[in-house]
Amino acid sequence: MADDVVVQLQGVRKAFNPGTPFETEVLHGIDLTLRRGEFCAVMGPSGSGKSTLLNIVGLLDRPSAGKLQIAGEETTTLEDTALTRLRGHTIGFVFQYHHLITAFTALENVMIPMLGAAGFPNAQMRARATELIDSVGLTPWKDNLAGNMSGGQQQRVAIARALAMNPAVLLADEPTGNLDTKSADAVFTLLRQVNQEHGTTVLFVTHNPELARRCDKTIQVVDGKII
């Protein structure tokens, strides 16, 4: 049903250096629909356009042509301020590198998106961050500095942070790429748990075919096209 559609791309193209002799089109007319609660893997060779696609879905970059709807809102005509607001309240990000502030505790890192929305910390934020830290299995480490945690623990904190605003969509760009097999499996299992328990739509970029097989569906991106 249409009201279940969380992400919809129609004829999306992306060119860099447009109008110059160096213009290069990276995405060539992408059509993609993601519904609420789907867990979708994105695979493809390096340079195929996977990260560009994720950046456009995440409203970090604008398409050169085509339409993009997020949570029912057409985004291609939105001003930057409105895009930032929509991104902050609708989309969570987990990257290959956790991008935590290492001098902050795990709890403080999870509070950062909420601080961006409210401007100052309060008890409600701390309670929400504590709940998320508990949900990713890091209760004993909530007051540890992020820089003193293992790679797997740091990525769990990053997932908790991505969920701080209860996003409709979680974008994960190779989130297990820097982890050992055991930690990678734990992080993937956690993402799947979030997807199933909260109905969060997950778009998961990976080079790992074993993890891709555990997703609901797999999108293959080759030379800027979905095949």
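The values are calculated or read from the model by the stated rules, or taken from the named source; none is laboratory data. It should be emphasised that the depicted structure is a prediction, and the values quoted were computed from it without experimental measurement. All Cβ positions, glycine included, derive from the backbone under ideal geometry; neighbour counts span all protein chains shown.
In summary, strands (runs of 3 or more DSSP E) completely within the range 1-88 and bearing 1 or more residues that are of a type in the set (Lys, Arg) and in contact (Cβ under 8 Å) with a residue 12 or more places away in the chain occur at 5-16, 24-35, 65-70. If the condition is being surrounded by fewer than 19 Cβ atoms within 10 Å (Cβ to Cβ) and in contact with a helix residue (DSSP H, G or I) (Cβ under 9 Å, 6 or more places away or on another chain), then the range 67-84 contributes Ala71, Gly72, Glu73, Leu78.
Restricting the range 161-204 to residues that are small (Gly, Ala, Ser) and in a helix (DSSP H, G or I) leaves a set whose member that is nearest to Ile133 (Cα to Cα) is Ala162.
Applying the criterion of being modelled with pLDDT under 90 and in contact with a strand residue (DSSP E or B) (Cβ under 7 Å, 6 or more places away or on another chain) to the residues of the range 168-191, the residue that is surrounded by the fewest Cβ atoms within 10 Å (Cβ to Cβ) is Glu174.
Yes or no, residue by residue, for (1) assigned to a loop (DSSP other than H, G, I, E, B); (2) surrounded by 18 or more Cβ atoms within 10 Å (Cβ to Cβ); (3) modelled with pLDDT of 90 or more:
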residue	(1), (2), (3)
Ala117	no, no, no
Pro121	yes, no, no
Gln124	no, no, no
Ala129	no, yes, yes
Leu132	no, yes, no
Arg156	no, yes, no
Ile159	no, yes, no
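Scanning the range 142-181 for residues that are in contact with a helix residue (DSSP H, G or I) (Cβ under 7 Å, 6 or more places away or on another chain) and small (Gly, Ala, Ser) yields a total of 7. Criterion applied to Gln124, Gln154, Gln96 was being under 20 Å from the mean Cα position of the chain (by Cα) and either more than 20 Å from Arg192 (Cβ to Cβ) or free of Cβ contacts under 8 Å to residues at least 60 places away in the same chain (or both), and the one residue passing it is Gln154.
From the list Thr105, Thr76, the one residue that fits, being among the β-branched types (Val, Ile, Thr) and modelled with pLDDT of 90 or more, is Thr105.
Restricted to the range 205-227, and to residues there that are at pLDDT 90 or above, in contact with a Phe, Trp or Tyr (Cβ under 9 Å, 6 or more places away or on another chain) and not in a loop (DSSP other than H, G, I, E, B), the residue that is farthest from Val94 (Cα to Cα) is Lys217.
Filtering the range 35-78 to residues that are in contact with a Ser or Thr (Cβ under 7 Å, 6 or more places away or on another chain), farther than 19 Å from Gly199 by Cα and of a type in the set (A, V, I, L, M) leaves Met43, Leu59, Leu68.
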